[in-house]
């Protein structure tokens with residue numbers, strides 16, 4: 001358990017740089033690259049941002065991806081019971097629980113670029129995981145099938161942002 005706290009602390013430290021300092025560091029890197037030619041741009045930009053160690057990056061990425069599998073696989077055995085309890089009209093309507101989640105997850109990944117550029121990767125990661133958790137709680141207490149589908153969509157979008165390839169690449173450098 002202490003390893004998880006260490007990984008989270010490292011992630012928080014890695015992503016804690018204020019956006020203004022990152023922007024000013026990038027501006028100075030680009031200005032330096034223009035003075036010395038474009039060949040120094042890659043090395044100078046790589047040194048401007050701290051890099052997360054590979055093992056921690058893999059652990060965090062694996063944990064977030066495991067949430068995706070968990071969100072789908074935990075629902076499958078209970079689809080019949082959930083459909084009966086929440087009043088799904090047809091047997092095939094139960095499958096919407098998984099379909100809505102997967103579609104919302106894909107839609108969430110489409111919008112990661114502008115959102116990460118605007119708010120920064122740490123804030124997006126934390127808010128998306130909080131959105132996933134909120135969707136999970138709403139799924140637990142859903143009193144109707146429509147509310148359950150909305151909660152699953154909220155879960156999917158939240159984890160879709162956290163799973164986005166660009167966010168992982170931004171953390172890894």
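The values are calculated or read from the model by the stated rules, or taken from the named source; none is laboratory data. Keep in mind it's a predicted model, so treat the numbers as computed, not measured. In this analysis, Cβ positions are derived from the backbone assuming ideal geometry, glycine residues included, and neighbour counts consider all displayed protein chains.
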Is the range 34-54 home to any residue that is at pLDDT 80 or above and either surrounded by 16 or more Cβ atoms within 10 Å (Cβ to Cβ) or under 26 Å from residue 105 (Cα atoms) (or both)?
-> yes
For the range 112-134, state whether one or more residues are closer than 30 Å to residue 56 by Cα, surrounded by fewer than 19 Cβ atoms within 10 Å (Cβ to Cβ), under 13 Å from the mean Cα position of the chain (by Cα) and at pLDDT 90 or above.
-> yes
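Would you say residue 104 is assigned to a helix (DSSP H, G or I) and under 14 Å from residue 154 (Cα atoms)?
On the way: assigned to a helix (DSSP H, G or I): yes; under 14 Å from residue 154 (Cα atoms): yes.
For residue 104, the condition - assigned to a helix (DSSP H, G or I) and under 14 Å from residue 154 (Cα atoms) - is met.
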Of the conditions (1) touching a helix residue (DSSP H, G or I) at 6+ places or on another chain (Cβ under 9 Å); (2) in a helix (DSSP H, G or I), residue 143 fails just one. Which one is it?
-> (2)
Report, by residue number, each residue of the range 124-151 that is more than 18 Å from residue 67 (Cα to Cα) and without any contact (Cβ under 8 Å) to a residue 40 or more places away in the chain.
-> 141, 146, 147, 150
